[in-house]
Amino acid sequence: MKNLSVEKILRDMARRHGGNLLPEVVIEEAKDKRHPLHGRFEWDNTRAAHEHRLHQARQLIRVCVTVVSPTIDPLPVFVSLSTSRSSGEGYQVLTEVLSNKEKREQLLNDALHELNLFQKKYSTLRELAGVFAASKQLRKTA
């Protein structure tokens, strides 16, 4: 089982559990030091706890929104630009990003990248064909 791909291992787990794959199942099986996925997890509880708290902090930052008007959906307060993530700068205030030409352009590029990922993930849904056609037009003009 050492040479199996992660995909094959996870598909096998899902098959053994009626087609469903729960993270708890993956962790439980990977606890065995001989399991091929064991090395994919942080087993040091102190380090894992810190990583989990970082994840919680990221979640907290992502859900922070501001209400501009009752007729407009709440807007995120912070954004994470791909260039900031790679340089370790962290999250930035959305209004400041939008008022800076270079940062706004980076935000648009990041959004288009995410739109492309969304399209790849859901390309089999014919109901979204109109959305994908519009996104193709957007990419031509951006």
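The values are calculated or read from the model by the stated rules, or taken from the named source; none is laboratory data. Keep in mind it's a predicted model, so treat the numbers as computed, not measured. When we count neighbours, we look across all protein chains shown, and the Cβ atoms used for this are built from the backbone with ideal geometry, even at glycine.
The set of residues in region 65-86 being in a loop (DSSP other than H, G, I, E, B) and out of contact with any Phe, Trp or Tyr (no Cβ under 6 Å at 6 or more places or on another chain) consists of Val67, Val68, Ser69, Pro70, Thr71, Ile72, Asp73, Pro74, Val77, Leu81. Return yes when Arg104 is surrounded by 12 or more Cβ atoms within 10 Å (Cβ to Cβ) and more than 27 Å from Glu7 (Cα to Cα) and no when it is not. Yes.
Residues that are surrounded by 13 or more Cβ atoms within 10 Å (Cβ to Cβ) and either touching a helix residue (DSSP H, G or I) at 6+ places or on another chain (Cβ under 6 Å) or of a type in the set (Asp, Glu) (or both) within region 115-125 comprise Leu115, Gln119, listed in sequence order.
All conditions but one from (1) at pLDDT 95 or above; (2) within 18 Å of the chain's Cα centre (by Cα) apply to Gly88; the one that does not is (1). So, Ile72, is that one closer than 30 Å to Ile27 by Cβ, of a type in the set (Val, Ile, Thr) and not assigned by TED's automatic domain parsing to the domain that holds Ile27 or not? So Ile72 does not fit the description; no. Of the residues making up region 75-88, not a single one is of a type in the set (Lys, Arg) and over 19 Å from Ala111 (Cβ atoms). Among the candidates Leu108, Leu128, Leu112, Leu98, the residue that is out of contact with any helix residue (DSSP H, G or I) (no Cβ under 9 Å at 6 or more places or on another chain) and hydrophobic (A, V, I, L, M, F, W, C) is uniquely Leu108. Screening region 87-142 for residues that are in contact with a Ser or Thr (Cβ under 7 Å, 6 or more places away or on another chain) and part of a loop (DSSP other than H, G, I, E, B) and picking the one that is nearest to Leu60 (Cα to Cα) gives Tyr91.
Residue by residue, here is whether (1) farther than 30 Å from Ser135 by Cα; (2) at pLDDT 95 or above holds:
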position: Ile9; (1), (2): yes, yes
position: Arg15; (1), (2): yes, yes
position: Val26; (1), (2): yes, yes
position: His35; (1), (2): yes, yes
position: Arg62; (1), (2): no, no
position: Thr66; (1), (2): no, no
position: Leu75; (1), (2): no, no
position: Lys101; (1), (2): no, yes
